[in-house]
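Below: one structure in structure tokens.
The values are calculated or read from the model by the stated rules, or taken from the named source; none is laboratory data. Values in this document were obtained by computation on a predicted structure and should not be read as measured data. For neighbour counting, all protein chains shown are included, and Cβ atoms are generated from backbone atoms with ideal geometry for every residue, glycine included.
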Amino acid sequence: MLGYISKRLGLAVLVALTVSIIAYMLLYLSGDPALAIAGEGARQADIDMVRKTYGFDQPIIVQFGNWVLKLISGDLGTSIYFKTDVGPLILSKLKTTMLLALYALAFALLVSVPLGVLAAIYKNSWIDRLCLAVAVVGQAMPNFFFALILIMLFSISWRLLPVSGSDTWQHFVMPAITLGYYAAPAFMRLIRAGMIEVLGADYIRTARAKGLPTRTVVFKHALRNAIVPVVALAAVQLGFLLGGSIVIETIFALDGLGYLAYQSITHKDFPVTQVIVLLLSVIYILLTLASDIANAWLDPRIRVA
């Protein structure tokens, strides 16, 4: 088990290093970063001053090395647009994004577990097809379109929920439903497949033959084993929800990392954009690593292989 963890940890470090290189190269996607910061109408003297101030006159390897050393020492840079340290700025927005991702994950599980169990119990029936149709719609519908439908219903027509902001739990209801509905189909299909496999096992047939109630057989014996892979998938989906909240936070004006990323990209605030990309990527890598370790701990065949 220790060898497996060390291999996965080494791979995670390599991926994180690759992501850090990509995050730093975001500076040069729009051309000369000094020109982008100074503005298109800036004089050449101003552009040269910006280039020297931010170290863009040095070789790119040296620039990247200095940036990494600053990150390690805790210096995340200064925001060009917000005129403040990037670290405290991002930490102040991280809580909102984390809450949104957790609420969305909870909604996804709340929807997918019952639907997956129902689809497995009534396999190939109209109930099964209806559950699969709900999953297909959730996977196919763009989340921004679904968000607009929710706003029209719950905010404009029925006036039940606020459209924007992040002050109360009501502000998270529609964003969490929008994100969670998109993530639910993956859980539902996994639970359905696992339940169908488990319900056909010998120990389930023995439990039925002993006269145990259907509810006990399904929820106490079958679901307990079928839901094990869902725990690992939940970690990966949480990372996806954290990174996929940019559009949703922008639509609902949630004051989180996603909305901050939108603002920093709009105003060409490269230091903030770099750290957000790197932070979300590292969180996703760590969650994937935790998922791999959990899978190996739950299933010895993985670590043996």
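Please indicate, with yes or no, whether at least one residue in the range 260-282 is modelled with pLDDT of 85 or more, crowded, with 20+ Cβ neighbours inside 10 Å and closer than 26 Å to Gly116 by Cβ.
Checked the range 260-282: no residue is modelled with pLDDT of 85 or more, crowded, with 20+ Cβ neighbours inside 10 Å and closer than 26 Å to Gly116 by Cβ.
List pairs: first residue in the range 131-156 and surrounded by 18 or more Cβ atoms within 10 Å (Cβ to Cβ), second residue polar (S, T, N, Q) and part of a helix (DSSP H, G or I) anywhere in the structure, Cβ distance under 6 angstrom, at least six positions apart or on different chains.
Within 6 Å, the pairs are Asn143/Thr178; Phe146/Thr178; Ala147/Thr178.
Still on this model: Between a first residue in the range 76-91 that is under 15 Å from Thr53 (Cβ atoms) and crowded, with 20+ Cβ neighbours inside 10 Å and a second residue that is of a type in the set (A, V, I, L, M, F, W, C) and modelled with pLDDT of 90 or more, which pairs have beta carbons less than 8 Å apart while being 6 or more apart in sequence or on different chains?
That search, which allows pairs on different chains as well, returns Ser79/Val86; Ser79/Leu89; Ser79/Val272.
Inside the range 206-228, can you point out the residues that are within 20 Å of Ala294 (Cα to Cα) and surrounded by fewer than 19 Cβ atoms within 10 Å (Cβ to Cβ)?
Arg224, Asn225, Val228
Separate question: From the residues in the range 43-62 that are buried (at least 16 other Cβ atoms within 10 Å of the Cβ) and of a type in the set (A, V, I, L, M, F, W, C), which one is nearest to Val282 (Cα to Cα)? Even if it seems obvious, please write down each step before you answer.
Pass one, the range 43-62, residues buried (at least 16 other Cβ atoms within 10 Å of the Cβ): 47, 50-51, 54, 56.
Adding the requirement that they be of a type in the set (A, V, I, L, M, F, W, C) leaves 47, 50, 56.
Working: Ile47: 33, Val50: 30, Phe56: 26 Å.
The extreme case among them is Phe56.
Would you point out which residue out of Tyr203, Tyr182 is part of a helix (DSSP H, G or I) and buried (at least 18 other Cβ atoms within 10 Å of the Cβ)?
Unique residue meeting the criteria: Tyr182.
Could you tell me whether the range 65-80 includes any residue that is in contact with an Asp or Glu (Cβ under 7 Å, 6 or more places away or on another chain) and of a type in the set (Ser, Thr, Tyr)?
Yes, there is a match, as at least one residue in the range 65-80 is in contact with an Asp or Glu (Cβ under 7 Å, 6 or more places away or on another chain) and of a type in the set (Ser, Thr, Tyr).
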